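Q: Structure incoming, see below.
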Amino acid sequence: MPSTGNAVHPSARMPRWLPRAMVLALALVACFRLATWAFDRLTGLLLNILIAFFLALAIEPAVDRMAARGVRRGVATALVFLGIVVSVAGFFTLLGSMLAGQIATMVEDFPKYLDKVISWINTTFHTDLSRVEIQDSLLHSDWLQTYVEDSADNVLDVSAAVLGGLFQVLTVTLFAFYFAADGPRLRRGLCSVLPPHRQAEVLRAWEIAVAKTGGYLYSRGLMALISGLAHYILLECLGVPYAPALGIWVGIISQFIPTIGTYLAGALPMLIAFTVEPWYALWVFGFVVIYQQFENYLLQPRITARTVDIHPAVAFGSVIAGTALLGAVGALIAIPATATLQAFLSTYVKRYEVTDDPRVQGRRRTSRRERRAERRAAAQGESDAPGEPGQRGASTLARVRDTLVRRG
């Protein structure tokens, strides 16, 4: 008889599919880790492409108008970008020259301002401070020496950050140029891999994105105009120099730099106002804070709802969500992206006629006495003569309803 002492039962053997399943699971885990690593490395590039895409959508109407008049799309796109660059460079050159002159004036008059502050402190708090003692204590303080040493050590880091920012601007500009100049070719390439009914949806989504992005920029431009005009009036009343340029600065920076744009925009007028009169800086600060609340809760929701056609609460929530997901970039593109998605999905949502109910139409609910009157009128209509079916009751019911509508 054959020996069965070392024989392995068939049910105890490893299944044939188990090694393949383990290899497949390890391969999936490796692919997931690789995709996660690649996504983390390419997040900056993807954000730059996203910004460039929305920038291309914003300038596409101007490029299309020039192309319709016979100008090549590449030349038209270059002319639009040239106009933007010239406008931005001229604006910042004007502000730079103004800021340099005001800083020089402030440095020259700084001892006088310091003497005023020290005199006010001595008078108010009955102290005996002098400018020489304060200057000596500042120059020999430990925190100032530490700050100077840290600044000297961080020169290379600051230079690298500046170069990185310039490279990022160049990357966004190049991608936006290609997206705008090759817009029709890009749409053809995208539609060539889709069936005809999907092509129509993609083209409709593209048109909606262009319209909503343009509406968003229009709303931002309108709010920048209103903000610049309001701050210009304040600065002109206070006698602050360069009031028109400062008004334009506040309007543009506060609207097109999300989250911290308001504070960056208000810092420069406060600095210039301080050179005229130190108390004017507090007036400017208070006005900036009050106007920001007015803009956030009254002006921006109304303008955004009209131009981008989304509810103010949805616009506010989209900005918060975009900031949480993508930071400043998300806050900048959240509203046009939400408006595009909402307009595109609205074509697939079936809508029905709304019932005539006071809770829906915004009228007050009827009281018990009014409901009893309606029921009596309806009952009277049912008990009318056969030759006049419900005429008197119907007229009575109509009068009751008219009375309720007037009261509501």
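The values are calculated or read from the model by the stated rules, or taken from the named source; none is laboratory data. These numbers come from a predicted model, not from an experiment. Counting neighbours? That spans all protein chains shown, and the Cβs are built from the backbone with ideal geometry, glycine included. Just so you know, the surface numbers come from the protein's heavy atoms only, side chains and all, with ligands and any DNA or RNA stripped out. Shrake-Rupley method; radii C 1.70, N 1.55, O 1.52, S 1.80 Å.
Q: Arrange the residues 66, 223, 22 by how much accessible surface each exposes, largest first, with a 1.4 angstrom probe. Write out the running numbers ahead of the final one.
A: Numbers: 66 55, 223 0, 22 110 Å².
Largest accessible area first, the list is 22, 66, 223.
Q: Please report the accessible area of residue 257 (heavy atoms, 1.4 Å probe, ligands and nucleic acids excluded) in Å², nearest 10.
A: Roll a 1.4 Å probe over it and residue 257 shows about 60 Å².
Q: While we're on this one: Report the full-extension gain for the segment residue 203 to residue 43: residue separation times 0.36 nm, less the Cα-Cα distance, to one decimal in nm.
A: 54.9 nm
Q: Distance in nm between label sites at residue 18 and residue 311, each 7 Å beyond Cα in the beta-carbon direction?
A: Each label point lies 7 Å from its Cα, and together they span 5.6 nm.
Q: Rounded to the nearest 0.05, what FRET efficiency is calculated for residue 290 and residue 97 with R0 set to 41 Å and r the Cβ-Cβ distance?
A: 0.85
Q: In addition: Which sequence of 231, 197 reflects their accessible areas, 1.4 Å probe, from the largest down?
A: On the way: 231 10, 197 110 Å².
Correct descending sequence by accessible area is 197, 231.
Q: Which order do peptides 282-290, 84-92 fall in by mean Cβ count within 10 Å, highest first?
A: Averaged packing, sorted descending, gives the order 282-290, 84-92.
Q: Give the whole-number value, in cubic angstrom per residue, of the convex hull volume spanned by the C-alpha atoms of region 191-307. Could you put the intermediate results ahead of the total?
A: On the way: hull volume 12.8 nm³, N = 117.
Normalising the Cα hull of region 191-307 by residue number yields 110 Å³.
Q: Give the calculated FRET efficiency between residue 71 and residue 136 to the nearest 0.05, with a Förster radius of 60 Å applied to their Cβ-Cβ distance. Don't skip to the answer; put the middle values down first.
A: Values: r = 66 Å, r/R0 = 1.11.
For R0 = 60 Å, the calculated efficiency reads 0.35.
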